[in-house]
Every structure is written in C-alpha cells, then in structure tokens.
1. Given the condition within 19 Å of GLY83 (Cβ to Cβ), modelled with pLDDT under 90, aliphatic (A, V, I, L, M) and not in a helix (DSSP H, G or I), answer yes or no: does some residue in the stretch 119-133 qualify?
2. Would you pick out the residues in the stretch 24-38 that are of a type in the set (Val, Ile, Thr) and more than 9 Å from the ligand (Cβ to nearest atom)?
3. Would you say VAL266 is hydrophobic (A, V, I, L, M, F, W, C), without any contact (Cβ under 8 Å) to a residue 60 or more places away in the chain and touching a Ser or Thr at 6+ places or on another chain (Cβ under 7 Å)?
4. For the list (1) at pLDDT below 90; (2) within 30 Å of THR200 (Cα to Cα); (3) assigned to a helix (DSSP H, G or I); (4) out of contact with any Gly (no Cβ under 9 Å at 6 or more places or on another chain), I need the number of the one condition that GLU277 fails.
5. Give just the number: which of (1) touching a residue at least 60 places away in the same chain (Cβ under 8 Å); (2) in contact with a Cys (Cβ under 7 Å, 6 or more places away or on another chain) does ARG188 not satisfy?
6. Considering each of THR200, THR173, THR189 in turn, give the residue that is of a type outside the set (Asp, Glu), more than 22 Å from CYS270 (Cα to Cα) and surrounded by 15 or more Cβ atoms within 10 Å (Cβ to Cβ).
Amino acid sequence: MSLRDIYESGFDEESGKTTTATTCPECSGTLVTEGGESSCTECGLIVDEHRLDHGPEWRSFTDDETNPKRTGAPLTPARHDRGLSSEIGFGKDGKGNILSGRKRRHISRLRHQHGRARWRTKAEQNLAHACGEITRITAALELPRMVCEEACTIYRAAQKENLIRGRSIETMTAGSVYAACRCRGSLRTISEVAEVALCTRQKVRLGYRVLNAELGLQIPAVDIRDLILRFASECEVSDEVRYRALGLARIAEERGFTNGRNPSGVAAGCLYLACREFGAYCTQTQIARLAGVATTTVRERYCELREERGNCNPNTESTPESKF
Ligand SMILES: [Zn+2]
C-alpha cells in the first residue's frame with residue numbers, strides 16, 4: 001500500500017476522470033487513507049475505495065517537483081542489479097541512425113569497459129550467476145514468475161547472512177528454488193528440482209535445510225491430498241480410485257501415519273492401496289518414480305495402511321486384490 005497517508009489523486013472508473021480530493025465533499029474535513037479506503041476524519045464518510053495508489057511512484061525530497069523523469073520496467077529481485085542494467089548496443093544510435101566508423105570504434109571501446117565495470121564485487125558477480133541459474137531452473141520446472149522472484153529473494157537473504165560461503169552456488173540456488181516452491185505452495189518434489197538443477201538430490205536437500213534452518217522461512221506443511229491428486233492425475237487413474245486414496249489419506253492422518261514421514265511416501269502408499277482395491281493397473285515402481293521415493297517406502301506405507309484399513313473398514317476386504 002501507499003506510504004503516503006492521503007492519495008494525491010484517484011481515478012473514477014465510471015466517469016473515467018481523475019479525481020483529486022484531499023478534503024471531504026460534505027463537511028470539508030481532512031481525508032485519511034487506510035486499508036484501501038479514503039475516509040473523512042470528521043464525519044466518517046467514505047469517499048474512495050481504491051486499493052491501488054494511482055499517484056506517481058517517485059517522491060521528491062527537493063522543492064521542485066516540476067518534472068521528475070522515470071523510465072523502464074519495474075524492479076525485480078530476479079536480476080542481480082534488480083533490472084536496472086544498461087546495455088550499449090551495436091551499430092545504431094537511439095534514433096536508429098547508422099553510426100560512422102569512427103563512432104562505432106568509440107562505442108565498441110566503451111562497451112568493452114562497460115562489461116568490465118559491470119561487477120562491483122565478486123559477490124555481485126556470483127549473485128548474477130545465481131539469479132541466472134534460478135531463472136533457468138524455474139523455467140525448466142514451468143514455475144510462475146512469482147516463485148522465481150521469491151527464490152531470488154531467498155538467495156539474496158542467504159548471501160546477506162553469509163550462508164553461501166563454503167557451499168556451491170548450484171546447491172544453494174536449487175535449495176532456494178525448492179524453498180520458494182514450498183513457501184508459495186507450488187508442488188514440486190526434491191527429485192524434480194534435482195533433475196533440472198546442476199546438483200544431486202542430496203545437495204538440493206542440504207541447501208534447503210540450511211536455508212530453512214538459518215533464515216527461519218515460513219513454510220507450511222505439505223498437504224498429502226495435494227500430492228495424491230497430482231500423482232493420481234499423472235497415473236491417469238479413475239475418479240473412484242482418486243476419491244478412495246483421499247479417504248485413505250484421512251485415515252492415515254487420523255492414525256498418525258503421517259508424523260515424521262515423507263509426505264510423498266505416504267501419498268504414494270495411499271494411492272497404491274487405492275489402486276489395488278479397485279484393481280487399477282499401477283505398479284509400485286511407477287508410483288515410486290512419480291513420488292520420488294524408493295519402492296520399499298511405497299511398500300512399507302502400503303502395508304501399514306492396509307493393516308490399518310482392515311481394522312477400521314472391514315467392507316473393503318472383499319476387493320479384487322487377487323488380480324495382482
Ligand atoms: Zn466529512
């Protein structure tokens with residue numbers, strides 16, 4: 001929201017006119033903007049309900065606010081210089097005129113020096129490399145721009161806290177991407193991140209653990225139901241299997257099977273048991289690969305659940321498990 005108390009101008013969508021109101025139209029009292037509403041301090045009349053600050057984003061600290069210039073895209077944490085870099089082009093000037101040979105040689109020398117002066121410190125150069133790597137990983141995982149920027153913000157915080165020293169940039173970038181996925185609720189497993197990252201699963205996990213422990217990230221627990229729905233759609237199982245797997249997830253949560261266990265493993269176990277109950281064709285290996293866990297894990301979770309299911313729901317004992 002705005003840092004200013006009162007919006008300097010508003011926009012009336014119906015009439016399409018820009019309104020500039022700083023006094024109440026009824027009693028001429030002072031208007032105060034809070035929580036997206038402009039209200040009068042005297043009589044409480046709500047004058048405006050804009051959640052956007054339509055004023056200019058600059059603030060001038062000098063008296064002449066005559067013509068402050070601004071240009072370019074909004075700032076982004078996904079670039080080492082927050083998107084404020086400037087490039088010296090080739091061959092043509094700003095108006096599209098061809099440069100003379102003498103000028104071109106001059107510009108070429110400037111470009112050379114510009115490239116050298118780009119990094120102020122080694123840390124900044126590393127940050128640029130990391131930002132590029134994070135952008136590449138998030139693009140390969142088809143994650144939204146928001147997650148990419150979140151990952152870059154996490155990486156910057158880690159660099160500020162001196163967590164990168166002694167660890168590879170690849171480890172920490174992959175860890176940041178996974179952490180950003182968890183923070184934003186985008187479901188990606190460590191294995192999926194490791195597949196496109198330039199490091200192993202163990203390294204991704206290490207990077208994530210360091211970031212999580214040292215930066216105190218606000219990461220919600222993974223919901224097993226989300227994982228089940230994802231694995232189920234990739235296995236292309238029927239709706240009844242999917243529904244049954246969700247029911248099994250509820251049983252697993254109630255009986256405490258999810259405590260201290262890998263959510264992917266539990267989700268895989270639920271789905272595999274549901275598949276077997278309904279005779280859907282899906283192998284342990286297939287589900288294990290999707291969930292990024294070992295086949296043994298799927299089997300263990302499956303056996304636990306099967307015993308538990310027997311205790312709580314005897315109706316499912318007559319299911320066609322003999323098919324397998
Ligand atoms: Zn008023």
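The values are calculated or read from the model by the stated rules, or taken from the named source; none is laboratory data. For clarity, every value in this text was computed on a predicted model and none was experimentally measured. So basically every Cβ, Gly included, is an ideal-geometry build from the backbone, and we count neighbours across all protein chains shown.
1. no
2. Hits for the stretch 24-38 are VAL32, THR33.
3. yes
4. The single condition GLU277 does not satisfy is (2).
5. Unmet condition: (1).
6. THR173
Here is a yes/no grid of residues against (1) modelled with pLDDT under 90; (2) acidic (Asp, Glu); (3) farther than 16 Å from ILE134 by Cβ:
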| position | (1), (2), (3) |
| --- | --- |
| ARG165 | yes, no, yes |
| GLU170 | no, yes, no |
| ALA174 | no, no, no |
| ALA180 | no, no, no |
| ARG184 | yes, no, no |
| LEU187 | yes, no, yes |
| VAL204 | no, no, no |
